[in-house]
Amino acid sequence: MKKSYQGRILLLLSTSMMILIMFVCLVGPFFLPDPLAFDLSAAFRTPLSADHLFGTDALGRDNLSRIASGGRVSLMVSILGMLGSLTIGTIMGLISGSQFRILAYVSDRLIDVQMAFPYILLAIVVVSITSSSLPILVLLMVLAGWPSAARVIRSIVLSERPKDYVKAAQIVGADQKRVLIRYIGPALIPAILTIAPLQASAMIVMEATLSFLGLGVQPPTPSWGGMLLDGKVYLSQAWWLTTIPGLAIAITCATLIGIGEGLSRKLHGDRSRRIDLESNFISKLSNKK
Amino acid sequence: MRFLFSRVASALVIVIGITVSVFFILRVTAGDPARIRGNLFANNDVLESYRRQFGTDRSMIDQFVTFLGGLTHGSLGDSFRYQQPVTSLVLPALQNTLILAMCALFISISLAILLGTFSARKPNGYFARGSAFIAIVGQSAPLFWVGLILIFVFSVNLGWFPSGGFNGFVDLILPSFTLAFSILPSQMRILAASVRTELDEDYVKTVHAFGIQKWRIYFIHVLRNACLPLLTVVGNDMGVLLGGSIVAEVVFNFPGIGSLALVGLNAADYPLLQGVTIVAASTFVMVNLAIDLLYTIINPRVRLGALS
């Protein structure tokens, strides 16, 4: 009883926090100063100074509006990456958990290869081929993100397959495809809902990392990772240029993890299954960091 | 034996697949290294001579055959930019990266064992709550940001540690703590969960009844069994460590694989880039293989079927 109560509070708090963050990022840029407008006379204003709540950077650009419009880019890219990687991950997970022998073998090996390849190296290789742009960034995130989702889906498909309802469906005459989509499919939904926020938070970190290495969002478009890259140079003079974007990333990710945790407490009452799912996913997920 | 064979075979397939695809993908689509090597106004003759020197004037199949020939005696070709064998650049860098990764792994496993065991002992105590907080921060905060904060606090403000480079043991402290922080959460959660399930086992009651001290029960009897799941996570963490060390190397100016890969990227230096990629991916595959094999030795119940 107490557990589910806690879960509900957690879910409520983190969802409202997320709505607040999205509101600031989506609506904020309409009311804030232009994030690209530079004014060298106003460079390096400290936070809480007049007109600049979060201070200004080396070119005198307003840090708060850069956080807001950078967040817009980061969130958009991450949500697209999350949707793409979950879709591909679910399909590949279904295939590798299925009884199509050859297809399952091929997709298993694909997952292995993809996991064997640190995604930053993959990004370096891909970016050396094409110059970086937003579609490429999303593509990279999907490429890096699908195997972790596929592994989780695969393990659930494998654990559902011996259950009675699946056998019953087979006896009634449903073929493999129908069993996977119509019968096992619905059983995957709670898991997908639980890993979606976790995946989104991993994507935000990934976007920031790639932009920090100069492989993601390119200046002058602000992004949280790019702001950290700019701020790195002024670490000893202007602490707020690195602290604030980093906090933005950390708070957003913690909020998303909170949503995931709250959802999983709500959806999977059975605690052992929940821990199994989460730790399974987290260990797979961390593979990409 | 069959298990061993199939694992080794699939590891080989993965390494070969990565080698071939990296070789061709880079060559088909990346920029012209001669242009980057020559200055902006270099004329065609100069560019042609660079192309001849790099071998990029020949057909791709021809280049691949030369590359394979080199591989048979352990050469990965010459770097375009540094004009020396890629192996002489990659191997020292790999060594540095591995040292960094091992330090980070050591720190994080020690912390995971300490924090995980204590938080499993009292799941609602302060210790468990503190560890859960650390886990959430570790999962949410990007690694490079943690690194920047550590530099800001410990080298800019306090001046305790150098902020970058690699000249001695002291330089390892900040980067390895940064890296450790990124793999700590999953290790700690897994260990805490498995210690908690082990505590319900009968043998714990037995040793307890024998009057053995608490710390001995936890750290000798329980830990030995609880470490098995940790080992698989460590296998996955090797990927995080290799990928994460690339980022940490950039933050801390650490001369490892990652810094080298970025140099290769900016100079369109295919041999260097493909050398780094192949060596890093093979290292990762081999470490995972070793961990799988170790797992079967420690826990004989695990067979290929039971593993998945």
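Things to note:
- Prolate/oblate/rounded label for segment B:226-270 (Cα gyration tensor, a/c 1.5): prolate
- The residues packed around residue A:223, meaning those with a beta-carbon under 11 Å from its beta-carbon, carry a net charge of 0 if Lys and Arg are +1 and Asp and Glu are -1.
- Dipole of chain B [Lys/Arg +1, Asp/Glu -1 at C-beta], most positive-end residue of B:94, B:194, B:174: B:194
- Residues A:25, B:103, sorted so that the one with the fewest Cβ neighbours within 10 Å comes first: B:103, A:25
- For residue B:78, nonlocal amide neighbours, meaning residues 5 or more places apart or on other chains whose placed amide H falls under 5 Å from its own, are B:86.
- Over segment B:107-147, equivalent-ellipsoid semi-axes from the Cα gyration tensor in Å: 21, 12, 5
- Here r is the Cβ-Cβ distance between residue B:215 and residue B:294 and R0 is 22 Å; the resulting FRET efficiency, rounded to 0.05, is 0.25.
- With R₀ set to 60 Å, the beta-carbon distance separating residue A:22 from residue B:64 gives a calculated FRET efficiency near 0.75.
- Cα gyration tensor shape of chain B, rounded if a/c is under 1.5, else prolate or oblate by comparing a/b with b/c: oblate
- Three-way shape label, segment B:146-285, alpha-carbon gyration tensor, a/c 1.5: oblate
- Each listed q (0.09, 0.18, 0.22 Å⁻¹) maps to a log10 I(q)/I(0) for segment B:49-172 from the Debye sum over equal C-alpha point scatterers, namely -0.53, -1.06, -1.28.
- Only helical runs count toward this figure. For chain B, summing -39,500 (n - 2.57) over DSSP H runs of n ≥ 4 and dividing by all residues gives -25000 deg cm²/dmol at 222 nm.
- Mean projected area of the convex hull spanned by the Cα atoms of segment B:183-233, taken over all viewing directions: 3.3 nm².
- Sorted from longest to shortest, the spans of the Cα atoms of segment B:107-210 along the three principal axes equal 53, 27, 19 Å.
- Entry note, chain B: relative contact order of 26 percent, from Cα contacts under 8 Å with a spacing of 6+ residues.
A short reminder: the numbers here are calculations on the coordinates, not readings from a lab. Note that the structure is a prediction, hence the values are computed from the model and not measured. Neighbour counts run over all protein chains shown; Cβ positions are idealised from the backbone, glycine included.
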